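The values are calculated or read from the model by the stated rules, or taken from the named source; none is laboratory data. The structure presented is a predicted model; accordingly, all values stated were derived computationally and were not measured. With ideal geometry, Cβ positions are generated from the backbone for all residues, glycine too; neighbour counts draw on all protein chains shown. Calculation scope for accessible area: heavy atoms of the full protein, side chains included, ligands and nucleic acids excluded. Shrake-Rupley method; radii C 1.70, N 1.55, O 1.52, S 1.80 Å.
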Amino acid sequence: MVKEERLQLILEQLSKENKVRLEHLSDLLKVSEDTVRRDIKTLDSQGLLKAVRGGALANSPIPHHYRDREKYDLGQKQAIALKALNFLKDGHVVFFDGGTSVVALAASLPKNLRITVVTNSFPVVNVLEDHPNVEVIFAGGRLYKVSFTAIGIDALNTIKNVRADVCFLGVCSIHHTMGITAKDYEDAQIKKLMITQAVKTVALSTLEKTSTVEAFYIGPATALDSIITEADPNHNALKVYKELGIEII
């Protein structure tokens, strides 16, 4: 079997279970574990998976650029947003990050809800600019055009001066052992600080983002108090998060 065929089979195996192990692939491909390890390194360098000790994990399947994400799984995001409303009460100060699921939450806020939203997301600000009772504090800084968010020291300093009741994260990837991860370093730093500065952290995540991993670490899965998803809370893929003490909604 030539290398290109091995690489394709590794990706096919990964798509089935979101993870592959060296020993299993060695048996399947009839090559040494060292050869499999080199193949995985090749795929990692191409951004097609994440190499880990003993094998590899799948990357998040969601698109990277905001314009590609904003209509991706829109119905599922709206369902998640409606569930997230139960975490909000009048008088709350909340963090909204730059995720498109969080934009859906902003669009779902009742007109009589009185809260303060602290965000680095231009789309969130655009959605809330006409809301009659939501005060918006924008954590400004350098525009990151991939996600239409503000990043950098100015955004971090604004967030650092807020103690929020709830942080809503539109996460890219969650894994029960590898933690919460993001595709971009500065985005990860913003999310990490929001978690630190909030009493409670709620992840808004479609099921396909679970058991995936990206390059930049935000924090352990246990940094999340709750995960709101479109799936049944008793879905097999969510059991590992329940075992960590995370509420699944």
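When only Cα pairs below 8 angstrom with a gap of at least 6 residues are kept, region 1-146 shows a relative contact order of 15 percent.
In this simple spin-label approximation, D44 and V240 carry label points 7 Å from Cα along the Cα→Cβ vector, and these lie 1.8 nm apart.
With the largest listed first and rounded to whole Å, the semi-axes of the equivalent ellipsoid of the chain from the Cα gyration tensor are 36, 18, 15. Taking every C-alpha pair closer than 8 Å and separated by at least 6 residues, the mean separation divided by the residue count of region 90-150 gives a relative contact order of 34 percent. Projected onto its three principal axes, the C-alpha set of region 1-123 covers 64, 25, 23 Å, listed from the longest axis down.
Averaging the sequence gap over all C-alpha pairs within less than 8 Å and six or more residues apart, then dividing by the number of residues, gives the chain a relative contact order of 16 percent. Between I137 and H92, the contour length at 0.36 nm per residue exceeds the alpha carbon distance by 14.9 nm.
Hey, if you drop one equal point scatterer on each alpha-carbon of region 1-58 and run the Debye formula without solvent, what base-10 log of I(q)/I(0) do you get at q = 0.19, 0.20 Å⁻¹? So the normalised log intensities are -0.53, -0.60.
Share of carbon and sulfur in the accessible area of the chain stands at 50%, probe radius 1.4 Å. For I218, the residues 5 or more places off, or on other chains, whose built amide H falls under 5 Å of its own are I180, T181, A182. Take the chain with all the other protein chains still there, run a 1.4 Å probe, and you get 48 Å² of accessible area per residue.
Placing R0 at 22 angstrom, the Cβ-Cβ distance between E23 and M1 gives a FRET efficiency of 0.80 after rounding to 0.05. Taking amide H as placed 1.01 Å from N in the peptide plane, C167 has its amide H under 5 Å from the amide H of F95, K200, T201, V202, each at least 5 places away in sequence or on another chain. Determine the percent antiparallel among the DSSP beta bridges restricted to region 111-183, to the nearest 5. Within region 111-183, antiparallel bridges account for around 60 percent of the total.
For the pair K200 and L9, a Förster radius of 35 Å applied to the C-beta separation gives a FRET efficiency near 0.20, rounded to the nearest 0.05. Looking at the chain, the DSSP beta bridges with both ends there are about 40 percent antiparallel.
Helices in the chain, meaning DSSP H runs of at least 4 residues, each add -39500 (n - 2.57). Divided by all residues, the mean residue ellipticity at 222 nm is -10500 deg cm²/dmol.
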